[in-house]
1. Compute the distance in nm between two label points, each set 7 Å from the Cα along the Cα-to-Cβ direction, one at Glu249 and one at Asp129.
2. For a 18 Å ceiling on Cα separation, which of these pairs sit above it: Lys102/Lys225; Lys110/Lys177; Lys177/Lys201; Lys77/Lys102; Lys177/Lys219; Lys102/Lys354?
3. Give a quick list of chymotrypsin sites (Phe, Trp or Tyr not before Pro) in segment 55-98 that DSSP marks as loop, anything other than H, G, I, E or B, with at most 16 other Cβ atoms within 10 Å.
4. Rg and Dmax of segment 328-379, Cα atoms, in Å?
5. By how many nm would the segment from Asp368 to Arg205 grow when fully extended, if each residue of separation counts as 0.36 nm and the alpha-carbon distance is taken off?
6. Less than 18 Å from a label point 7 Å out along the Cα-to-Cβ axis of Ile329: which backbone N atoms in segment 264-284 qualify, by residue?
7. Using a Förster radius of 41 Å, what is the FRET efficiency between Ser187 and Asp383 based on their Cβ-Cβ separation? Nearest 0.05, please.
8. What length, rounded to one decimal in nm, is gained on full extension from Asp350 through to Arg46, with 0.36 nm per residue of separation minus their alpha-carbon distance?
Amino acid sequence: MFIAHTGYLELFDLVVKHILPGMGLFFYFVLHFNCKFAARKEREKRIMSLPREEVLKAFHNQEVEHVPVSFWRHFAKNEFGDVYQDPTIRDANIEGHKQYVKDLDFDFSKTMLDGYFPYPFRGVENPRDLDDLANLVPLEEDDPWIQDQVALAKEQNQIVGDLPTFITVFSPLILLKWAQIDHTKESILTSDVKFADLYEKNPERVEQALQVIAVDQGKVVRALKKGTEVDGIYYSTQSIQDPREDNLEFFKKVMEPIDLIVQEEINRNFDLNILHVCGFAGAYNHLEWFTNYPLQVINWATLTDGVPLGEGKKLFGDRPVLGGFDNSIKGLLYTGTKEEIQQNVRNLIDEAGKKGVILGADCTVPRDTPYDHLRWVIEAARDY
């Protein structure tokens, strides 16, 4: 019995010291192989970005086999925050872009300007005060607000790689009206009312400020051209959402001339640019007013403005068009099923065609938009 018991102990010792480790190594290799195989299969299931040259064909108004797709979103909790007061906004911006590129395979990139929405108003303590607004002085070419946007764009460029890339430049009217409210307490459309209040009190003072901001935005454009490899500018403009200034007279006298100062500088520096007629938060724009704007690709709120992609393409003289999906939390992209979203893709391409057509949204999509919904759009566009 003692010998047998000793034999059992030796056998147990043999199993523990020699056989089990070997089995562990065997199972490790099996698990490792299965994980690598599963990861490879997952990569094969992902629909990869279109080649850069094919995407650019669409942007240059050529017929393409597959309509390009992209969506963009904010990554900071509050995009209206000032990066100089909260540097974590920039970190959230960069890390958000990194994860976004890992999660989704879009065909081009519209990078985000979170943290640099507030124009600095050098020389002015309170841009809501007309007397103080008279003290506005132009930015220097090396102003941190300009150069830090360049640095951000360069870092974003590295993240998105070879994708055609566009960065936002806001219209002077947008920058001035946004400065009229506390974005943590007031709705964004309140800024339009307060801008109209300001303009009605002293039109000349407001127009002088807009001229300064327009020239400064031109400096931003030149700095981006000199210091980055972005393909172009995504110029965001919007009619004033107040009946006192939402009229053709104000548009022709104030808004269009100011917008053209910046857009002409954009076209002097970049050959391929996007005009974004912003319908964020349900803002309505008279799209026919913008047809003289000279940028190359047009993006607007198709449902809010009541102008589908194909009709807008005709309205803008057969220029390339971008969009098609409502970006609200009530919109199809946010709420729809896979079949509903993919049928809408087919409907959009049926209506607009494949020549100079790019699918996206009216504006930034909500932060919690399910990524599968965005993938469904890409999948349907590839299958069309």
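1. 3.2
2. Numbers: Lys102/Lys225 27 Å; Lys110/Lys177 23 Å; Lys177/Lys201 15 Å; Lys77/Lys102 20 Å; Lys177/Lys219 20 Å; Lys102/Lys354 27 Å.
Correct reply: Lys102/Lys225; Lys110/Lys177; Lys77/Lys102; Lys177/Lys219; Lys102/Lys354.
3. For chymotrypsin sites (Phe, Trp or Tyr not before Pro) across segment 55-98 that sit outside H, G, I, E and B with at most 16 neighbouring Cβ atoms in 10 Å, the list reads Tyr84.
4. 11.0, 32
5. In short, 54.6 nm is gained.
6. Answer for segment 264-284: 280-283.
7. 0.55
8. 107.0 nm
FYI, it's all coordinate maths here, none of it is from the lab. These figures come from a predicted structure and were not determined experimentally. Ideal geometry is used to build each Cβ from the backbone, glycine not excepted, and the neighbour counts take in all protein chains shown.
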